[in-house]
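Novice: Shown below is the structure under consideration.
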Amino acid sequence: MLYSPADARQQIAVPKVSPDGRTVAFIAGIMSDFGSTGGDVFTVPVNGGAAVNVTPDMKASATLLAWSCTGTLWARLLAGDQLQVVDLGRGTAAARAKVLWSGSESLEGDEDINQAACPRGVLAASHESFTSPPEIEVGPLGQWRDITHVNAGLSAHMKVTSLSWKNEGFDVQGWLLLPESASAKMPMVTIVHGGPAAAATPSFSGPGMQSALLARGWAVFRPNPRGSFGQGARFAAANVRDFGHGDLRDVLTGIDAAERAAPIDDTRLALTGHSYGGFMTMFAITQTQRFKAAVAGAGISNWQSYYGENGIDGWMLPYFGASVYDDSEVYARSSAVNYIHNAHTPTFAYVGERDIECPASQTVEFWHAMKAVGVPTAIMIYPGEGHGLREPAHEEDALQRTLDWFDRYVR
């Protein structure tokens, strides 16, 4: 065994062996989902020895690694609102990252920086932004050109602003999307991302809720509260044993920042999210009366019952610190059903019938509690669906129900 994390909250991902076979580089940090990688960069000798954190105190999250042909270590980082490719030197000690490329767009491709990390190498990856749809690009780093044009002619018409704000000692970032013709005060929906270890990043949204709301004159706010990637390891772990509390305060102060940046009508705010975002939606309406309507997709309403119902509970111990059987109070503290008498926000909830990540029983429990306290609510369980809706008819149905719900209670 080359490395075992001393911190029980830490997971490791994407190990890469150096060209000379002497060193393994990997990303370590708190992560909640397979494929959603973020953390600091570590190296450890193949023949044994102490692991070195190459990026201590980095205000960014590494998401991918590659060794160059000359033996230097490259990393792809999410640094606030920027995606970066950096050179970390030989990976033998803490190094100042040399930024090779930075941009406000998304790159996808598990081997993208591997291809670019050799002399005269080229990068091949899918890239997209909030306004430009995905295309495959190739070329030297930062000098690439599109080789596909399958989405030619498509664009999303909106104003995109990266917002930054401070809350409780943290630097927080999020995205504010406005209709092109925004002028008078407008309603706004806040969309909380899943994870929680993930981030809202520039990605193209085709026909769907975001596009439909922008077309109707709504603003869309996509915050990256504590627990998100992009601000460093301390920030990503800042919601440990605190789900729904500090991260919700980050969201609410972010809404304040959005209202300072654009003509947002504070009396017409809505909230939605899926997975962890669905939990945040269910929980938020028991903590604040600021939202006029909410839609929770595949949420979690009771962490105590969830522990014994879901099929992926391995991720929970790093976040809660103990099983529900050993420390039930920390699970109860973040369970919406335990605060349900504070809820007054009309909330529609939906979920897939076969969801094992956020079982349908969690949505039923929330809906039942909301009915019991007399808050307007509705539920939809989509047959045959898992954690994400796949059938186009179900996607369209959920979208229409969401838009109708917001129209009814916000507009």
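Novice: All but one of (1) among the aliphatic types (A, V, I, L, M); (2) in a strand (DSSP E or B); (3) over 26 Å from Ala233 (Cβ atoms); (4) in contact with a Phe, Trp or Tyr (Cβ under 7 Å, 6 or more places away or on another chain) hold for Ala156; which doesn't?
Specialist: Just one mismatch for Ala156, condition (2).
Novice: Any chance you could count how many residues in segment 3-35 are without any contact (Cβ under 8 Å) to a residue 60 or more places away in the chain, of a type in the set (Gly, Ala, Ser) and part of a loop (DSSP other than H, G, I, E, B)?
Specialist: Initial filter on segment 3-35 (without any contact (Cβ under 8 Å) to a residue 60 or more places away in the chain): 3-7, 12-17, 19-22, 24, 26-28, 34-35.
Checking which are of a type in the set (Gly, Ala, Ser) leaves us with 4, 6, 13, 21, 28, 35.
Next, only the ones that are part of a loop (DSSP other than H, G, I, E, B) stay: 4, 6, 21, 35.
So the answer is 4.
Novice: Would you mind finding the one in Val138, Val99, Val86 that is in a strand (DSSP E or B), in the same structural domain as Ala25 (by TED's automatic domain parsing) and modelled with pLDDT under 90? Even if it seems obvious, please write down each step before you answer.
Specialist: Values: Val99 fails: modelled with pLDDT under 90; Val86 fails: modelled with pLDDT under 90.
Criteria check complete, one pass: Val138.
Novice: With segment 325-411 as the region, which helices (runs of 4 or more DSSP H) entirely inside it contain at least 3 residues that are buried (at least 20 other Cβ atoms within 10 Å of the Cβ)?
Specialist: On the way: elements: 328-333, 360-372, 392-409.
Once the helices (runs of 4 or more DSSP H) in segment 325-411 are filtered for at least 3 residues that are buried (at least 20 other Cβ atoms within 10 Å of the Cβ), what remains is 360-372, 392-409.
Novice: Within the bounds of segment 293-302, is there any residue that is in contact with a Pro (Cβ under 6 Å, 6 or more places away or on another chain), in the same structural domain as Ala336 (by TED's automatic domain parsing) and surrounded by 23 or more Cβ atoms within 10 Å (Cβ to Cβ)?
Specialist: Looking through segment 293-302, at least one residue is in contact with a Pro (Cβ under 6 Å, 6 or more places away or on another chain), in the same structural domain as Ala336 (by TED's automatic domain parsing) and surrounded by 23 or more Cβ atoms within 10 Å (Cβ to Cβ).
Novice: Moving to a separate point now. Of all residues in segment 213-228, count the ones that are in contact with a helix residue (DSSP H, G or I) (Cβ under 6 Å, 6 or more places away or on another chain) and either more than 16 Å from Thr253 (Cα to Cα) or not in a loop (DSSP other than H, G, I, E, B) (or both).
Specialist: Start the filter on segment 213-228 by keeping residues that are in contact with a helix residue (DSSP H, G or I) (Cβ under 6 Å, 6 or more places away or on another chain), which leaves 220-221, 223, 225-227.
When the remaining residues are screened for being either more than 16 Å from Thr253 (Cα to Cα) or not in a loop (DSSP other than H, G, I, E, B) (or both), the result is 220-221, 223.
The qualifying residues number 3.
Novice: Continuing with this model, one more query. Name the pairs whose Cβ atoms lie under 6 Å apart, with the first residue in segment 283-301 and under 17 Å from Val337 (Cβ atoms), the second among the charged types (D, E, K, R), and 6 or more positions between them or separate chains?
Specialist: Ala298/Asp355; Ser301/Glu365
Novice: Ok, one more. Among the residues of segment 245-269, write down those that are over 30 Å from Val330 (Cα atoms) and in contact with a Phe, Trp or Tyr (Cβ under 7 Å, 6 or more places away or on another chain).
Specialist: Step one: filter segment 245-269 for residues over 30 Å from Val330 (Cα atoms), giving 257-268.
Ala257, Ala258, listed by residue number.
Novice: Taking segment 196-209 as the search range and keeping residues that are in contact with a strand residue (DSSP E or B) (Cβ under 8 Å, 6 or more places away or on another chain) and modelled with pLDDT of 95 or more, which one is farthest from Glu395 (Cα to Cα)? Spell out how you get there, then give the answer.
Specialist: Initially, segment 196-209 is screened for residues in contact with a strand residue (DSSP E or B) (Cβ under 8 Å, 6 or more places away or on another chain), giving 197-204, 209.
Still in the list and also modelled with pLDDT of 95 or more: 197-201.
Values: Ala197: 25, Ala198: 23, Ala199: 23, Ala200: 21, Thr201: 22 Å.
My answer is Ala197.
Here's the yes/no breakdown for (1) among the basic types (Lys, Arg); (2) under 29 Å from Asp313 (Cβ atoms); (3) in contact with a strand residue (DSSP E or B) (Cβ under 6 Å, 6 or more places away or on another chain); (4) at pLDDT 95 or above:
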position	(1), (2), (3), (4)
His344	no, no, no, yes
Arg354	yes, yes, no, yes
Gln362	no, yes, no, yes
Glu365	no, yes, no, yes
Gly374	no, no, no, yes
Glu391	no, yes, no, yes
Tyr409	no, no, yes, yes
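Novice: Under the condition of being of a type in the set (Gly, Ala, Ser) and within 9 Å of Val41 (Cα to Cα), which residue from segment 62-78 is surrounded by the most Cβ atoms within 10 Å (Cβ to Cβ)?
Specialist: Ala62
Novice: Given the criteria in contact (Cβ under 8 Å) with a residue 60 or more places away in the chain and surrounded by fewer than 18 Cβ atoms within 10 Å (Cβ to Cβ), does Gly314 qualify?
Specialist: Against the criterion (in contact (Cβ under 8 Å) with a residue 60 or more places away in the chain and surrounded by fewer than 18 Cβ atoms within 10 Å (Cβ to Cβ)), Gly314 does not qualify.
Novice: Among the residues of segment 229-238, is any in contact (Cβ under 8 Å) with a residue 60 or more places away in the chain, more than 20 Å from Asp57 (Cβ to Cβ), out of contact with any Leu (no Cβ under 9 Å at 6 or more places or on another chain) and not assigned by TED's automatic domain parsing to the domain that holds Ser32?
Specialist: No - not one qualifying residue is present in segment 229-238.
Novice: With within 25 Å of Gly227 (Cα to Cα) and either more than 25 Å from the chain's Cα centre (by Cα) or assigned by TED's automatic domain parsing to the domain that holds Gly174 (or both) as the only criterion, which of Ala60, Ala75, Ala94 stands out?
Specialist: Exactly one of Ala60, Ala75, Ala94 is within 25 Å of Gly227 (Cα to Cα) and either more than 25 Å from the chain's Cα centre (by Cα) or assigned by TED's automatic domain parsing to the domain that holds Gly174 (or both), namely Ala94.
Novice: Scan segment 212-221 and tell me whether some residue there is under 14 Å from the mean Cα position of the chain (by Cα), touching a residue at least 24 places away in the same chain (Cβ under 8 Å) and within 28 Å of His394 (Cβ to Cβ).
Specialist: yes
Novice: Now, a different point. For residues that are in a loop (DSSP other than H, G, I, E, B) and under 21 Å from the mean Cα position of the chain (by Cα), tally how many sit in segment 170-197.
Specialist: As a first pass, look at segment 170-197 and keep what is in a loop (DSSP other than H, G, I, E, B): 180-185, 193-197.
Narrowing further to those that are under 21 Å from the mean Cα position of the chain (by Cα): 193-197.
So the answer is 5.
Novice: Select from segment 265-285 the residues that are surrounded by fewer than 24 Cβ atoms within 10 Å (Cβ to Cβ) and either β-branched (Val, Ile, Thr) or outside the structural domain of Tyr382 (by TED's automatic domain parsing) (or both) and list them in ascending order.
Specialist: Within segment 265-285, just Thr267 meets the criteria.
Novice: Name the residues in segment 221-249 that are farther than 14 Å from Gly38 by Cβ, of a type outside the set (D, E, K, R), surrounded by 24 or more Cβ atoms within 10 Å (Cβ to Cβ) and out of contact with any Ser or Thr (no Cβ under 6 Å at 6 or more places or on another chain), would you?
Specialist: Pro223, Pro225
Let's see how each residue does on (1) at pLDDT 95 or above; (2) closer than 23 Å to Arg290 by Cα:
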residue	(1), (2)
Trp175	yes, yes
Ser181	no, no
Met186	yes, yes
Val192	yes, yes
Pro223	yes, yes
Phe235	yes, no
Val240	yes, no
Phe243	yes, yes
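The values are calculated or read from the model by the stated rules, or taken from the named source; none is laboratory data. These numbers come from a predicted model, not from an experiment. Neighbour counts run over all protein chains shown; Cβ positions are idealised from the backbone, glycine included.
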